[in-house]
Amino acid sequence: MYVALFDIDSTLLRTQGAGRAAFAETFRAEFDIERIRGDISFAGRSDRAIVREVFTQHGIEDRPGTWQRFRQGYLQRLERTLVTRRGCLLPGVLPLLRAIRERSDIAMGILTGNVAAGAWLKLRHYGIDSFFDFGGFGDHRLDRGGIAADALGAADAYLRTTHRLSAEPALTTVIGDTPEDVRCARCIAAKAIAVATGDSSLSDLAAAAPDRAFPDLTHRDAVLGIITAA
Ligand SMILES: [Mg+2]
């Protein structure tokens, strides 16, 4: 068996800032933060880690109650901002997902810093949620390596319940648009495919030493070749 773990933002789809807008509106409406201080980086990070950083910078206590308040406010707003921003699926994504679905020896999951409910909202909004059966998400983890371990555990549970767990461990590939995606693939001894449809250039990505880096996911057969390589 093979497992393909996809990052969401700038790998499968682009929300044209719907996620960031929902973040900013939630901090404004729920926590009186008019402008987030400093230059917060979003790419490749978990929602939990981003929110902790903003809380810390603005002197808000990071405890379960404040986190849940943020999370609920964010999910409500994300549903709206996804409609108002005109995002899109990235080139080659739909044909690639369809080609993988044809193969009974590849299981497809998500590996993202998004909170799980936010991840599924985005996937559903762009009509690709049904391709994915499990995932690792950013509700609790501060680091992407931990999310990768969660995704691997979820893949294992999924393969077990569908009676597809083989004697040898499944060969896993992580597909993402940042050097962090490549690094978290290595944390779980997975292959890494990097795709330059986000802020990282092909040379930025190559510096993280993925198995292959592509300009986009239109290189379907080459991507499938890596996912199914021993
Ligand atoms: Mg991404």
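The values are calculated or read from the model by the stated rules, or taken from the named source; none is laboratory data. Being a predicted model, the structure only gives us computed values, none of them experimental. Counting neighbours? That spans all protein chains shown, and the Cβs are built from the backbone with ideal geometry, glycine included. These area figures cover heavy atoms from the full protein model, side chains too; ligands, DNA and RNA do not enter into them. Shrake-Rupley method; radii C 1.70, N 1.55, O 1.52, S 1.80 Å.
Numbers for the structure displayed
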item	result
Flag for R45 being open to solvent by 30 Å² or more (accessible area, probe 1.4 Å), touching a His at 6+ places or on another chain (Cβ under 9 Å) and part of a loop (DSSP other than H, G, I, E, B)	no
Filter result for V54 (over 19 Å from the mean Cα position of the chain (by Cα) and either more than 16 Å from the ligand (Cβ to nearest atom) or not assigned by TED's automatic domain parsing to the domain that holds L123 (or both))	yes
Residue, farthest from the chain's Cα centre (by Cα), within segment 205-224, restricted to residues that are open to solvent by less than 60 Å² (accessible area, probe 1.4 Å) and farther than 10 Å from P179 by Cα	A222
Count - residues of segment 172-189 that are within 17 Å of R141 (Cβ to Cβ) and within 16 Å of the ligand (Cβ to nearest atom)	8
Enumeration of residues in segment 10-25 that are near the ligand (Cβ under 10 Å from one of its atoms) and farther than 30 Å from P169 by Cβ	R14
Residue among R37, R28, R80, R45 that is modelled with pLDDT under 95, more than 16 Å from the ligand (Cβ to nearest atom) and among the charged types (D, E, K, R)	R37
Residue match in segment 123-133 (condition: polar (S, T, N, Q) and away from the ligand (no atom under 16 Å from the Cβ))	yes
Boolean, G135 is open to solvent by less than 50 Å² (accessible area, probe 1.4 Å) and within 13 Å of the chain's Cα centre (by Cα)	yes
Residues that are among the hydrophobic types (A, V, I, L, M, F, W, C) and touching a Ser or Thr at 6+ places or on another chain (Cβ under 7 Å), drawn from segment 33-66	A43, F55, I60
Condition broken by D7, with the remaining ones in (1) open to solvent by 50 Å² or more (accessible area, probe 1.4 Å); (2) within 16 Å of the ligand (Cβ to nearest atom); (3) acidic (D, E) satisfied	(1)
Criterion (modelled with pLDDT under 95 and either more than 16 Å from the ligand (Cβ to nearest atom) or open to solvent by 20 Å² or more (accessible area, probe 1.4 Å) (or both)) met by exactly one of L152, L165, L202	L165
Members of segment 173-197 that are open to solvent by 10 Å² or more (accessible area, probe 1.4 Å) and within 21 Å of D105 (Cα to Cα)	I188, A189, K191
Matching residues in segment 83-122 - criterion: being assigned to a loop (DSSP other than H, G, I, E, B) and open to solvent by 50 Å² or more (accessible area, probe 1.4 Å)	R85, R86, P91, E102, R103, S104
